[in-house]
Amino acid sequence: MKALKLLTNICLLLFMTTGCEQDNFPAPQETFKGRFVDKNSGKPFQTAIGNTGIRIRMMEYSWDDNPQPYDFNCKMDGSFYNDKIFSGSYGVKPSGAFVPLEEERLEIKGVVERVYEVEPILNVEWIGEPVLNADRTVTFKVKITYGSEDPQYRTPLVESRLFVSENQYVGDFSFSPNYTIILNPAQMGLTASTILDDDGVVLTITTAQAQKAFPDYSRKYFFRFGARSQISFDATNRYNYTDVKEVLIP
Amino acid sequence: MKVHQFIYAFFLLIVAGCTKLDIPPKNIISDPEIFGTSEGVLSYMARMYSTLPMEDFRYNYETNGLFNNGGTKYKQQSALTGEALGRDTQGADAENASYWDAAYAAIRTANMLLETLPQYQEFHSEDEVKTYLAEARFIRGFIYYSLVKRYGGVPKVDMVIDYPASVSLEETLLPRAAEEEIWDFIGEDLDFAMNNLPENNQKGRATKYAAAAFKSRVMLHAGSIAKYNTIEEIDRGNRICGIPSQRATDYFKAAYEASRILDETTKHRLYKDEWVAGDAEAQAQNFTNIFLKDTYENIFVRYYKDPESLHNFDDSAQPMQTSSGGNNSELCPTLDFIEMFDGIEKDANGHFVFLDANDKYKLYESPLDAFVNAEPRLKGTVILPMSEFMGQTIDIRRGIWTGSSQNGISPLMPAGSVVNYTNVYNESSPLKLSSNFAFNNDPGNQITLKDGSRKKRSGESGVVSGWDFGNISGFYLRKYLNPEQTDNNGNKSTQSWIEIRYAEVLLNRAEAAYELLTAGATSPGGGDYRQDAFDCINQIRERAGATLLVSPSAINSIETIRTERRKELAFEHKTYWDLKRWRIMEAEQSNKRYRVLYPFYSTDADKYFLDARYMESKGGAANYTFNFDSRNYYQMIPPAEITKNPNCKQNPGY
């Protein structure tokens, strides 16, 4: 009886150890990095964090013609870095607030770097530096023009915003509703169907227009201006942005 | 000779075995048993109704399959719309589960009945056949509505796909139809149902008026998509997302006409049995009882029954102090919602006034004093702090102020603050808070009042500082909560889910009428759309005890009608789809924090004060900031379905 028990146990042990195959594949370790630059100015393309910024879609065609897409997003300054990609053949298609790019076949192995020159839907830029007024408000001057010559991307503006945040991550993904200023076409001196001419539109915005005044202690705020037209991609109407200005409110 | 006898006997035996063995097996129920008997068809019907995709008490937006889910409902759809805040609904989620394969299985069930029943019609009366077929069309329309409102145009299946007998696998891989085509298809199904269903049917089954009322909802939805949607997606020449805007008027007209079919009958009307003119309390009670009694206002209802079919709504939404265990407080109405109602003191921006002329807190004997003149419907919809429920005073309090009140109490936090009170006030400050319920319920932490009695800091139901059970907004929901349900731990509730009630039909009608008015359409009967919208809204407002609109000219903005709808149908799982079809959800939820109203008690003044503020952060991810992702106007088709059917194109953005 004892021998039988021992035998059963040995059999069981043998049975279990046959399942001990190495099933530990290496983690993805190829790198895909790069940046987006504005074709017109050569400067970094300013965007948002997350899905309202730039989405890079990678379709791995190594195994299947109809793969499930793998998406990741850019940083605020239009740069991206992803070092957890399986090696393989990918169809890469970025989309954001710029004239759409074609899907491009890339072999991802080792470190692959790519610089995308894109035509923004809207050029938004600061004019001069922000001016701190005596009443602790700040005045900004900005200019909006179309970024592309193609008439299908020259559509009326729907909204622009002076985003204000307490930290350096500022945009539609992170802002303080108390200080942020939202302008509809009428408030920009336009109608809902105005197509801008080549001079674009120049706006002067002061933080006195915001819902609330800055609190009565000194601190730093971060400002960024964004505008969007009727163009949307991926069912997301994205903003084009300026770079971030920081202002110390005394 | 003997040998021959054996041979004959042998052959005889063989021949005796020659009975026909090809008989139908007795243990498998086949078409004649199902479709040839009324018991069979009724059981088939019962299954179709029980799998109907209703966003009822058993709907759970984070669980796969979405419908008919018995698990605890942590996340609540009504907490995605600004109607309420929930401890567990901390931001703008999308439905992170899918309804797709179950939908097509249910569509097949309906198609099967539509194709097979006519072969067995001699076993039923003509009226029965007519009703069964109309019900199947109603149900199929209902399922397609739940698909099209989520995904846009979906593959259109109007027959039983006989795979593998007569179609190949490739032929089953159907591409998506145009969104417009699906809406029209639903319209046809509902027209058929409307024209063939009886006026009265067994409880819980569709009637002519259920089909008409449902059609008014569906067509209004389609009209709104045509008018307000801007997303366009084309596949094989079909617009799978969006409807051409010139169709808007057609759909609004269809919605308007369908809602007027309810004029034919007095069977359904606004419930007013307990309503007394001028008596606010009776009006509030009347409103509460719509959801607890089976009234004539109900047009299409799903019934629950103990013990076979139960739900856990009372478990989810129960106040902390009346909860008998399990979950509680998942639906705490926001101040933004409360401010929509009449009879509350509001400033020029429509915000609740909680400070006096000197910017000090107003003091009240009870928080209820701030709501003395509030619209009865508000009291019927929510439990205000310190009001009665289940024989108890619902004691909601954020903390106790032990400082002086001689010169008034200044606001505790700067205006616009989103941080927790504990970031500013520690234990040595005059503001006494509870970090959690263990702390709150410890008698040693109670605060001594002037008369020597002692009081819990955060009342019996919260609000506490940390992330814990209990109230988080200052209010509780009353609508649908059963005050008799003292044992509410888990699946114990049997309230009926009112999928369609007469008030919605009036609101559909008013909205369609106003949209037609702004589109410049003329009423075929020569009636006045503005007058009609005005009549509908005032019927609702009268029953609600709200201030009546003075004249039809008060109907001068779609906002009037929309706000009325959001008040009347709140917490009925309608607002989420309303905000989506009006395409205003993105604008409403852009870095949005909803507001709350916290009662505090001042020991020095021996009175309450109320602090209106943005929802405070509770640490970790619980910051209750809502950012609606505009991709979610068209939800993601489950990727696994696209892998199975590569001809089905994904919605934009996923």
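The values are calculated or read from the model by the stated rules, or taken from the named source; none is laboratory data. Everything numeric in this text was worked out from a predicted model, so none of it was measured. Cβ placement follows ideal geometry from the backbone for every residue including glycine, while neighbour counts extend to all protein chains displayed.
The residues listed here are A:Ala208, A:Ala227; of these, the one that is surrounded by fewer than 15 Cβ atoms within 10 Å (Cβ to Cβ) and either within 24 Å of the chain's Cα centre (by Cα) or in a helix (DSSP H, G or I) (or both) is A:Ala208.
Do the conditions hold for B:Ser329, that is, is it without any contact (Cβ under 8 Å) to a residue 60 or more places away in the chain and touching a helix residue (DSSP H, G or I) at 6+ places or on another chain (Cβ under 7 Å)?
Judged against the criteria, B:Ser329 is not a match.
Per the conditions (1) more than 14 Å from chain B (Cβ to nearest Cβ); (2) surrounded by 15 or more Cβ atoms within 10 Å (Cβ to Cβ), the sole criterion not satisfied by A:Glu159 is (1).
Every listed requirement among (1) surrounded by fewer than 23 Cβ atoms within 10 Å (Cβ to Cβ); (2) within 21 Å of B:Ala248 (Cβ to Cβ) is met by B:Glu179 save one, (1).
Have a look at A:Tyr239, A:Tyr217, A:Tyr169 and point out the one that is out of contact with any Leu (no Cβ under 9 Å at 6 or more places or on another chain), assigned by TED's automatic domain parsing to the domain that holds A:Gly128 and within 18 Å of A:Phe45 (Cβ to Cβ). Within the list A:Tyr239, A:Tyr217, A:Tyr169, the selection yields A:Tyr169.
Residues that are surrounded by fewer than 20 Cβ atoms within 10 Å (Cβ to Cβ), farther than 30 Å from B:Val464 by Cα and among the charged types (D, E, K, R) do not occur anywhere in region B:596-616.
Within region A:32-91, considering only strands (runs of 3 or more DSSP E) that don't extend past its boundaries, which have at least 2 residues that are within 14 Å of chain B (Cβ to nearest Cβ)?
Values: elements: A:55-60, A:70-73, A:79-85.
In region A:32-91, the matching strands (runs of 3 or more DSSP E) lie at A:55-60, A:70-73.
Out of curiosity, is A:Gln187 outside any strand (DSSP E or B), within 17 Å of the chain's Cα centre (by Cα) and away from every other protein chain (no Cβ under 14 Å)?
Numbers: outside any strand (DSSP E or B): yes; within 17 Å of the chain's Cα centre (by Cα): no; away from every other protein chain (no Cβ under 14 Å): yes.
When the stated conditions are applied, A:Gln187 does not pass them.
Summed over region A:132-157, residues that are under 20 Å from A:Glu117 (Cα atoms) and among the hydroxyl-bearing types (Ser, Thr, Tyr) total 4. Checking the conditions here, which among A:Val124, A:Val92, A:Val142, A:Val138 is crowded, with 16+ Cβ neighbours inside 10 Å and touching a Gly at 6+ places or on another chain (Cβ under 9 Å)? One residue alone meets the criteria, A:Val124.
For region B:307-365, residues that are within 19 Å of the chain's Cα centre (by Cα), within 26 Å of A:Gln211 (Cβ to Cβ) and among the aromatic types (Phe, Trp, Tyr) total 1.
Annotation note: of B:Asp306, B:Asp336, B:Asp342, the sole residue that is acidic (Asp, Glu) and under 24 Å from B:Gly459 (Cα atoms) is B:Asp336.
State whether one or more residues within region B:233-243 are in contact (Cβ under 8 Å) with a residue 24 or more places away in the chain, farther than 30 Å from B:Asn298 by Cβ, of a type in the set (Val, Ile, Thr) and crowded, with 22+ Cβ neighbours inside 10 Å. Yes, region B:233-243 has at least one match. Of the numbered conditions (1) surrounded by fewer than 22 Cβ atoms within 10 Å (Cβ to Cβ); (2) of a type outside the set (Phe, Trp, Tyr); (3) in contact with a Gly (Cβ under 8 Å, 6 or more places away or on another chain); (4) away from every other protein chain (no Cβ under 14 Å), B:Lys215 satisfies every one except a single condition; which is it? B:Lys215 satisfies every listed condition except (1).
Kindly state which helices (runs of 4 or more DSSP H) lie completely within region B:550-654 and contain at least 1 residues that are within 14 Å of another protein chain (Cβ to nearest Cβ). Give the steps one after another, and end with the answer.
Details: elements: B:558-568, B:575-581, B:585-588, B:639-644.
The qualifying helices (runs of 4 or more DSSP H) are B:575-581, B:585-588, B:639-644.
For B:Ala92, the stated conditions hold: it is among the aliphatic types (A, V, I, L, M) and closer than 19 Å to B:Trp577 by Cα. Name the pairs whose Cβ atoms lie under 6 Å apart, with the first residue in region A:234-246 and within 14 Å of chain B (Cβ to nearest Cβ), the second basic (Lys, Arg) and not in a strand (DSSP E or B), and 6 or more positions between them or separate chains? So the pair list comes out as A:Ala235/B:Arg631; A:Thr236/B:Arg631.
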